[in-house]
Amino acid sequence: MPQKRVSMAMVAQRAGVSGQTVSRVANDSPRVDPATRARVEQAMAELGYRPNRAARALRTGRSHTIGLVAQTLATIGNSRMLQAVAESAASRGYAVTVVTLGADGGIDDAFDRLRDQGVDGAIVLNEATALARHAASAGLRLVVVDSLPDQRFTVIGTDHAAGARTATEHLLAAGHRTVHHLAGPADSYAAAERERGWREALGDAGAPEPELVRGDWSAASGYARIGELADATALFVANDQMALGALRALADAGRRVPEDVAVIGFDDIADAAEFQPPLTTVRQDFDALGEQAVRRLVDWIDGARPDDLLLSPALVTRRSAP
């Protein structure tokens with residue numbers, strides 16, 4: 001026998017309040033005393049009450065759903081951002097609709113799908129270049145993760161250049177004449193910022209700048225490109241996945257880490273401490289990025305245009321570059 005749906009009237013009876021008060025709590029109205037709100041929310045939890053999103057959207061003009069746009073969810077960074085965004089959104093009573101651009105980069109189609117589903121706003125991961133050309137016509141409140149500033153949307157991100165600078169300076173301070181760089185894709189904003197930080201650190205130290213070697217974020221590309229870094233004694237790799245491939249290639253070539261080549265990655269993925277040797281890397285806080293992206297988007301939905309935000313990464317030293 002199907003379970004009877006819990007109604008507002010049942011919640012009101014349990015909490016000892018009017019149905020209108022329950023409605024105000026369900027719709028996040030500020031016109032509720034905090035103690036009363038807590039009593040109503042407790043009654044909702046005890047009875048298993050779930051607001052009718054469709055009905056609430058008709059009443060308030062909001063769907064309490066936000067979009068998340070990504071080129072792909074196959075990368076570790078994007079998948080961790082999705083988890084962080086979903087958890088933060090759920091804690092605020094928002095659902096998340098995810099759209100990926102696919103190989104053809106169909107950003108128009110992505111935003112059409114979001115508009116069709118009536119989202120209140122969207123978070124965009126790492127597709128700022130494409131977004132900037134379309135944001136004015138998107139008709140959505142937008143928070144972009146990793147982008148140059150733009151008046152059409154709010155930007156949050158990691159200070160990739162500062163993290164790369166810290167990694168490069170750490171290797172130079174250990175006595176290396178210079179630091180080689182295995183960079184990310186040329187069309188990636190994060191990769192470009194990490195490359196910029198590496199170049200600036202070398203320039204400020206008066207160290208020679210080796211020829212750049214570029215990968216595609218994958219461990220396979222880190223493995224494949226290590227042959228072009230035969231002269232390296234210190235290597236800054238633009239992400240941990242490529243660093244994993246580089247460590248394997250160095251081991252296969254009989255080059256010891258860190259005795260022959262010191263290696264630093266970027267991201268501090270969950271398994272970085274389990275690499276052989278454990279990877280020194282630059283940690284970016286994906287949980288904080290997801291939380292801040294959702295917080296700023298919800299603030300904007302509520303009527304307050306939020307400021308941009310840049311989070312500082314931190315170097316985590318392990319055995320690959322003590």
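Tabulated results
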| read-out | value |
| --- | --- |
| Cβ crowding within 10 Å averaged over residues, with 164-171, 80-87 ranked highest first | 164-171, 80-87 |
| Segments 223-235, 296-308 sorted - mean Cβ within 10 Å per residue, highest first | 223-235, 296-308 |
| Most to least packed among 255-267, 183-195 [average Cβ atoms within 10 Å] | 255-267, 183-195 |
| Nearest-20 debye value, segment 160-284 charge dipole, Cβ charges on Lys, Arg, Asp, Glu | 120 |
| Cα-projected label distance for Ser7 with Gln117, points at 7 Å along beta-carbon direction, nm | 3.2 |
| FRET efficiency estimate (nearest 0.05) - Cβ-Cβ, Leu212 to Asp252, R0 30 angstrom | 0.85 |
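Laboratory data are not the source of any read-out in this text; all were calculated from the coordinates shown. All values reported here derive from a predicted model rather than from experimental measurement. Glycine also receives a Cβ, built like all others from the backbone with ideal geometry; neighbour counts cover every protein chain displayed.
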